[in-house]
Amino acid sequence: MLLTACIGTVATEQATSDDVSSNEHVGAPLSITTAAPKATRRVVVRATASKPPDKAVEGELRVRVTARWIPDDPAQTTSPWIQLLVSHADHSSGPDASGVLVAGTPVTLEAFASLFGDCKLNTGCEWPMDVGFQMQPNAVPGTVELEWTAQATAHAVDTSSVPKGFTVSVSAP
């Protein structure tokens, strides 16, 4: 019985090609403040091939942010929180990563989002993604300076070989 279950699991697994990574997209630096504690930036992930087969594509987007907390009053020792949210443009998402900000100490957060949907390589694959930054809105007055990057990986489904000319990119819209 156990052997049958194992064989069934192996038989239903889909083959996938090796992952192909995009170049790292460097987003424009930005700041959020306790007066304006949220900001969202959109990126678009695209997968293309020079001879695209009729294969589904899926993958993952990784976003990394480095945050620096600068309180308006340098003597202030309160440490607010920050959240990094990554979601499909049409879907809401909860916090993907969060941390506590400390003046003078950069905080790095990393979040991931799956690239999914009914995407066939021969019809073009594009995922608009929102990258959200949010700090504690009721914190002591101050500014958070943000530097961020995004990188995607993707692969073709139902094939073990990478499609000819397969590329993945991340860019601003």
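The values are calculated or read from the model by the stated rules, or taken from the named source; none is laboratory data. Everything numeric here is computed off the predicted structure, so don't read it as measured data. No Cβ is skipped: glycine too gets one built from the backbone with ideal geometry, and neighbour counts run over all protein chains shown. All accessible areas refer to the heavy atoms of the entire protein, side chains included, with ligands and DNA or RNA removed. Shrake-Rupley method; radii C 1.70, N 1.55, O 1.52, S 1.80 Å.
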- Query: Whole-Hz Karplus ³J(HN,Hα) for segment 61-77, in order, using 6.51 cos²θ - 1.76 cosθ + 1.60 and θ = phi - 60°, x for Gly and Pro?
  - Reply: 10, 10, 10, 10, 10, 10, 10, 10, 8, 10, x, 4, 9, x, 7, 5, 10
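Normalising by the residue count of segment 20-171, find the relative contact order in percent from Cα pairs under 8 Å and 6+ residues apart. Working shown, then result.
Details: 417 pairs, mean separation 73.1, N = 152.
Result for segment 20-171 is 48 percent.
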- For segment 41-93: accessible area per residue (Å², 1.4 Å): 52
- Zone of Ala15 (label point 7 Å along Cα→Cβ, backbone N under 16 Å): which residues in segment 140-173? 155-164
- Return one number: the angle in degrees, 0 to 90 and rounded to the nearest 10, between the long axis of the Cα atoms of helix 2-12 and the longest principal axis of the Cα atoms of the chain. 80
- Note on the structure: Looking only at lysines whose Cα falls under 26 Å of Lys51's and that sit 8 or more positions away or on another chain, we get Lys120, Lys164
- Looking at (1) 1.12; (2) 0.99; (3) 1.29, which value of Rg/Rh (Cα atoms, Kirkwood Rh) comes from a calculation on the structure shown? (1)
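Could you sort the peptides 34-45, 152-163 by per-residue average Cβ neighbour count (10 Å cutoff), highest mean leading? The partial results should precede the final answer.
Values: 34-45: 15.8, 152-163: 18.7.
Taking the mean over residues of other Cβ atoms within 10 Å, the ranking is 152-163, 34-45.
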- In the chain, what percent of the accessible surface is made up of carbon and sulfur (1.4 Å probe, ligands and nucleic acids excluded)? 51
- Note on the structure: With only helices counted (DSSP H, runs n ≥ 4, each -39500 (n - 2.57)), the per-residue ellipticity at 222 nm for the chain, to the nearest 500, works out to -2000 deg cm²/dmol
